[in-house]
Structures are given as C-alpha cells and as structure tokens.
Amino acid sequence: MNFEFILVEPAIEKHIALVRLNRPKELNALNLQLMGELRDALKSLDDNDEVRVIIITGNERAFAAGADIKQMAGKTAIDMLQIDQFSTWDSIRKTKKPLIAAVSGFALGGGCELSMLCDMIVASENAKFGQPEIKIGVMPGAGGTQRLTRAVGKARAMEMVLTGNFINAQEALSYGLVNRVVPEELYLDEAIKLARDIAAQSPIAVQMAKESVNKTYENHLQEGLFFERKNFYMLFASEDQKEGMAAFVEKRKPDFKGR
Ligand code: CAA
C-alpha cells in the first residue's frame, strides 16, 4: 500500500497492523488527502483476514495537531458543507477491528478527535490532548464535543472545549481518556503489547464485543455528531473564523469581534 501522507505496515507482527500518520513537518495536520488515505488503508486492513488489530500512531512530537488549518482557512460555510470533509470519518468509524491510538506529543483538535475515534489510547508521558479550535474562532467538528464529553464528563469537556487549554498525559489518564501512560520510548511497544493481548482472542468474538461496547457508547452519538458537524461548517460564515485562522497562518493573536 503506497500512500503520500501515511505509512502502512500490514504486519508489524503477526495479526497486528500499524498505520503511521506521516506529515511530520506539519505536525501531522490532517488534510483531506491524508484522511482519504487513512480511510482507504483502514478499509483494506479491515478486509484483510490476517489483520486482527490496527494501531494508529504519529511520531514522538505529534500524533496530529488537528485538521489542516491552512487548507480550511479561506473556505465558506457552503464550501465546508459541499466538501463535507468529516464524511471520511464516518467510514473510519465503521472499522470492525479494534483500533488502538498510540499517542506521543500533540493530539489536538482533529488529532484528539481521531485518537478518541479509536477504541483505546496508549499515551506517552509527553502526550498533550486538547480541543483548541475555539482559539481560531471555531469549535470541534469531528467528535470533540461528543466523544470528549462521554470520555471525561461534562465539566472537564466544557472547560477543554471552551478554553482550548491542553491536558497532559497524567491528567488524561486520571480523566479516563486514555488506557495507559508510559515513558516516551515505550509508547509504541506498549500499544503493541495491548494489541497482542487482543490479537490472541477469537477475532469474531472481539469484533462482536467491540460492536456491543459501541452500542451503548454510541447511543445517540450519531445525532450529536451531525449537530456538531453542521455547527462547525456554519461557523465558516463568521468573520471570527476568517480572523482566527488567518491569525494562526500569520502567527499573530486573533482579534475576535463576535461576528
Ligand atoms: N494545520 C495546519 N498546519 C499546522 C497545524 C494545523 N492544525 N498545526 C501545526 N501546523 C504547522 C504550523 O503552521 C507550522 O508550519 P510552518 O513551519 O510552515 O510555519 C508547523 O506545523 C509546525 O508548527 P508550529 O511552528 O506552530 O510548532 P509549535 O511547536 O510552535 O506549536 C502547536 C505547536 C501548539 C501544536 C501549534 O502548531 C498549534 O497551535 N497548532 C494548531 C492546533 C489547532 O488549533 N488544532 C485544531 C485545528 S482545527 C480542527 O482540528 C477542527 C476539527 O475539529 C477537526
């Protein structure tokens, strides 16, 4: 499997596949092409009988620093509705095999949302999770208001989403957002260990168990995700979105006017 923005190893060891997000210079910002490649790779690994567990990772500095702000900055609300960039996420959500996110460094915005779209998260001690979209004049659009609230509870999710402040790995562990925190040099090994424990089980029982856990976890989730997505796209009709994203690109503080 040859892709431009991800690296795929279908058998990092028996039954375990590894997908590495690979735009290191841009901190693995999730542009449309990368997300399309990720959707295609996961579909193909899901269809491969040899694969039982899939690990998604980035590099030591960043799992992913969010959706690609430079790609979105000039878009209108109608552009966003027509491009519907988060529709690829619906396909990824349908992956039947367990997905483990191995997170080091930044997992921000869409990066945090992608880690939460996975079934479990193994974090390095230097991991930082956050939904900083509010700082660029928008809001989470790919599950941040929905999955984060379910994972960490309303008070913590509200604070993270409304301030944009990050939490560190230990906080993420105590909030119940991640499964384990290990030293940076071990986070991928730890994810593989976890994958091995799952890969040793009956693949059909594992898939049905995953589906069952998600049945309760995802109850009413689709409605919430759709609502969030529409609000995210609609914010591209505001001056504050233009100002917030332009300020990021120009490396200055935004001047929000509430319009
Ligand atoms: N989109 C596009 N480019 C990004 C990016 C993003 N989300 N995050 C980082 N980059 C780029 C930077 O622009 C920079 O590029 P240049 O070298 O060309 O200037 C490069 O990656 C390295 O980043 P920094 O120089 O900013 O690195 P830093 O260590 O000083 O800061 C950071 C790191 C705090 C993560 C900072 O890059 C940052 O704040 N990034 C944006 C985080 C963010 O707002 N994410 C949410 C995006 S919106 C979203 O995700 C919507 C959704 O719900 C899906």
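The values are calculated or read from the model by the stated rules, or taken from the named source; none is laboratory data. It should be emphasised that the depicted structure is a prediction, and the values quoted were computed from it without experimental measurement. Every residue, glycine as well, gets a Cβ built from its backbone with ideal geometry; the counts of neighbours run over all protein chains shown. Side chains are part of the model used for accessible areas, which takes the heavy atoms of the whole protein and leaves out ligands, DNA and RNA. Shrake-Rupley method; radii C 1.70, N 1.55, O 1.52, S 1.80 Å.
Anything in the stretch 25-83 that is within 16 Å of the ligand (Cβ to nearest atom) and touching a Pro at 6+ places or on another chain (Cβ under 6 Å)? List them, or say none.
The one that is within 16 Å of the ligand (Cβ to nearest atom) and touching a Pro at 6+ places or on another chain (Cβ under 6 Å): ASN59.
Scanning for something within 18 Å of the chain's Cα centre (by Cα), touching a residue at least 40 places away in the same chain (Cβ under 8 Å) and surrounded by 20 or more Cβ atoms within 10 Å (Cβ to Cβ), does the stretch 162-169 turn up at least one residue?
The answer is yes, given that some residue of the stretch 162-169 is within 18 Å of the chain's Cα centre (by Cα), touching a residue at least 40 places away in the same chain (Cβ under 8 Å) and surrounded by 20 or more Cβ atoms within 10 Å (Cβ to Cβ).
Identify, by number, the condition in (1) farther than 21 Å from GLU4 by Cβ; (2) within 12 Å of the ligand (Cβ to nearest atom); (3) open to solvent by less than 10 Å² (accessible area, probe 1.4 Å) that ALA102 doesn't meet.
Single failed check for ALA102: (2).
Tell me which residues, restricted to the stretch 1-22, are more than 16 Å from THR88 (Cβ to Cβ), open to solvent by less than 40 Å² (accessible area, probe 1.4 Å) and assigned to a loop (DSSP other than H, G, I, E, B).
HIS15
Identify all residues within the stretch 220-259 that are more than 16 Å from ILE83 (Cβ to Cβ), open to solvent by less than 100 Å² (accessible area, probe 1.4 Å), touching a helix residue (DSSP H, G or I) at 6+ places or on another chain (Cβ under 8 Å) and touching a residue at least 24 places away in the same chain (Cβ under 8 Å); write none if there are none.
Within the stretch 220-259, LEU221, GLY224, LEU225, GLU228, GLY244, ALA247, VAL249, PRO254, PHE256 meet the criteria.
Looking at the stretch 19-48, I want the residues that are over 13 Å from LEU7 (Cα atoms) and have a partner that is modelled with pLDDT under 95 with Cβ atoms under 6 Å, at least 6 apart or on another chain. Which pairs are those?
Once the first residue is over 13 Å from LEU7 (Cα atoms) and sits in the stretch 19-48, its partners that are modelled with pLDDT under 95 give LEU32/GLN85.
Pairs needed: first member in the stretch 201-219, in a helix (DSSP H, G or I); second member anywhere, loosely packed, with under 11 Cβ neighbours inside 10 Å; C-beta distance under 9 Å; at least 6 residues apart or different chains.
Note: pairs meeting the criteria are PRO203/ASP49.
Quickly run through the stretch 222-231 and pick out the residues that are within 16 Å of the chain's Cα centre (by Cα) and hydrophobic (A, V, I, L, M, F, W, C).
LEU225
Looking at LYS215 and the list (1) open to solvent by less than 50 Å² (accessible area, probe 1.4 Å); (2) charged (D, E, K, R); (3) farther than 29 Å from MET72 by Cα; (4) out of contact with any Lys or Arg (no Cβ under 7 Å at 6 or more places or on another chain), which single condition is not satisfied?
(1)
Quick one: count up the residues across the stretch 117-134 that are within 16 Å of MET158 (Cβ to Cβ) and either in contact with a helix residue (DSSP H, G or I) (Cβ under 8 Å, 6 or more places away or on another chain) or not in a helix (DSSP H, G or I) (or both).
Count: 5.
Considering every residue within the stretch 120-140, establish whether at least one is away from the ligand (no atom under 12 Å from the Cβ), more than 14 Å from the chain's Cα centre (by Cα) and open to solvent by less than 10 Å² (accessible area, probe 1.4 Å).
Looking for residues that are away from the ligand (no atom under 12 Å from the Cβ), more than 14 Å from the chain's Cα centre (by Cα) and open to solvent by less than 10 Å² (accessible area, probe 1.4 Å), one finds at least one in the stretch 120-140, hence yes.
Here's a check for you: in the stretch 23-55, which residue that is among the polar types (S, T, N, Q) and in a loop (DSSP other than H, G, I, E, B) is nearest to ALA199 (Cα to Cα)?
That would be ASN48.
One residue is enough: does the stretch 146-153 have a residue meeting the conditions of a type outside the set (Asp, Glu), within 16 Å of the ligand (Cβ to nearest atom) and free of Cβ contacts under 8 Å to residues at least 12 places away in the same chain?
Yes, the conditions are met somewhere in the stretch 146-153.
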